[in-house]
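First up is the structure itself, then whatever we jot down about it.
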Amino acid sequence: QILLELYVSAQECLSYDRNNPALWSRNRGHEDFLVHRLGLGNLPFQVTIDVPRDRFTMAEDSLAEKPSMIKKEYETLYDVPVRVNLSGHPVAGLVGGVGKRGALDIMHILSAQIAAGNSYTDVKLVYIYDGKNKAEEWAFARWLPHVWSEDKKTRYVASSREEASDVFYELVKIFRMRSEDENSKKETLPKPYYIMFVADASVLEGELITKYIYEGQKNIGLTTFIMAESYEQLPNLCEFVIQKDDSF
C-alpha cells in the first residue's frame with residue numbers, strides 16, 4: 001500500500017492541477033528523488049523473514065511446517081510499482097518493437113511522472129526526435145516548463161538534426177563546465193538534473209555531446225534514453241535496457 005501511494009500511475013500524475021499538493025512535491029533531499037514507476041509487477045518483499053531451521057524429531061507436529069509456509073507466502077509482493085532510478089543509469093535503451101511503439105509509451109509514462117513530481121528548477125527535460133515521423137507523439141513536450149534553459153533563451157526540444165545540433169551545443173557548454181568544476185565532483189547530484197530522450201541514436205553521430213553520454217562521466221547530471229525497435233539498434237555502451245514490445 002505504501003509503494004502504491006508513493007509511486008502513483010502516470011494517469012494520476014496527469015490529473016494534477018496547481019492546487020494538488022503532490023505537484024512538484026519531490027525534492028533533492030529525498031532518497032528516491034529520481035526514482036519513477038514503470039508499471040505494476042512482482043517484487044521480492046523488502047524484509048527478510050527468518051524461520052527456524054528444520055530439526056529432526058520423532059513426534060509429528062502439524063505446526064512445524066507453518067513458518068516455512070508463511071515465509072513462502074509473503075516473500076513476494078504482487079502488483080506493486082516496479083521502479084527505475086534514473087540517476088543510476090547515465091545511458092539507457094528503450095526497446096519498443098515495430099515503430100518504437102512501446103518505447104514511446106515508456107517515454108510518455110516517465111515524462112508525465114517527472115514533470116508532475118519535480119519542479120523545473122530541479123529537473124530539465126530534453127526531447128530529440130524526427131519531426132517527420134510520429135511528431136504528434138512528441139507535441140506535448142513544447143508545453144512543459146522543464147524544457148526551457150535556465151536563462152529562458154533555449155527550448156530543449158528538437159524535431160530535426162539541425163535543431164538537435166543547436167540544443168546539443170547549449171548542453172555541451174553546461175556539461176563541460178560541470179566536468180571541469182571541482183565542486184561538481186562531489187557525491188551530490190548537480191542542479192538541475194538533465195533527462196534526455198533521443199528518438200534515434202543516429203542523430204548523435206558526430207556530436208560533441210556523445211563524450212558526456214557514452215563516457216559515463218559521473219556527477220555531470222545527465223541521463224540519456226535512446227529509443228530503438230530492437231536491441232541490435234542500440235549502441236554497444238547501452239547496457240541498461242527497458243523493453244516493451246510483443247515479446248516482453
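The values are calculated or read from the model by the stated rules, or taken from the named source; none is laboratory data. These numbers were taken from a predicted model, which means no experiment stands behind them. Cβ atoms come from the backbone with ideal geometry, glycine included; neighbour counts cover every protein chain shown. Please note that ligands, DNA and RNA were not included when accessible areas were found on the heavy atoms of the full protein model with its side chains. Shrake-Rupley method; radii C 1.70, N 1.55, O 1.52, S 1.80 Å.
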- [ ] For the chain, calculate the relative contact order in percent as a whole number, restricting contacts to Cα pairs under 8 Å that are 6 or more residues apart.
- [x] 26 percent
Open item on the list: What distance in nm separates the two pseudo spin-label positions at Asp245 and Tyr169, each 7 Å out from Cα along the beta-carbon direction?
Closed with: 3.6 nm
TODO: Could you please report the charge total around Val172, scoring K, R as +1 and D, E as -1 over all other residues with beta-carbon less than 9 angstrom from its beta-carbon?
DONE: +1
Open item on the list: Over the stretch 24-148, what portion of Cα pair distances is larger than 17 Å, expressed as a whole percent?
Closed with: 70 percent
TODO: Give me the distance in nm between label points sitting 7 Å out from Cα along the Cα-to-Cβ direction at Arg18 and Glu205, one decimal.
DONE: 4.7 nm
TODO: Express in % the proportion of alpha carbon pairs of the stretch 126-248 at distances exceeding 21 Å.
DONE: 42 percent
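May I ask you to list, by number, the DSSP H helices of the chain whose Cα span along the axis is at least 27 Å and whose average Kyte-Doolittle hydropathy reaches 0.0 or more?
On the way: long enough: 161-180 (28 Å, -0.59).
Counting only whole DSSP H runs, no helix qualifies.
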- [ ] Mind giving me the nanometre distance, one decimal, between the label points for Leu189 and Ser68, set 7 Å out from Cα along Cα→Cβ?
- [x] 4.4 nm
Task: Efficiency of FRET from Cβ geometry, Val82 and Gln11, R₀ 22 Å, rounded to 0.05 - done: 0.85
Open item on the list: Restricting the calculation to Cα positions, tell me the Rg (one decimal) and the Dmax (whole number) of the chain in Å.
Closed with: 21.7, 81
Task: Equivalent ellipsoid, the stretch 121-169 (semi-axes from 5 times Cα gyration tensor eigenvalues, Å) - done: 18, 13, 7
Task: Per DSSP, loop trypsin sites (Lys or Arg not before Pro) in the stretch 207-248 with at most 11 further Cβ within 10 Å - done: Lys218
TODO: Whole number in Å², please: accessible area per residue of the stretch 25-145, 1.4 Å probe, ligands, DNA and RNA not counted.
DONE: 60 Å²
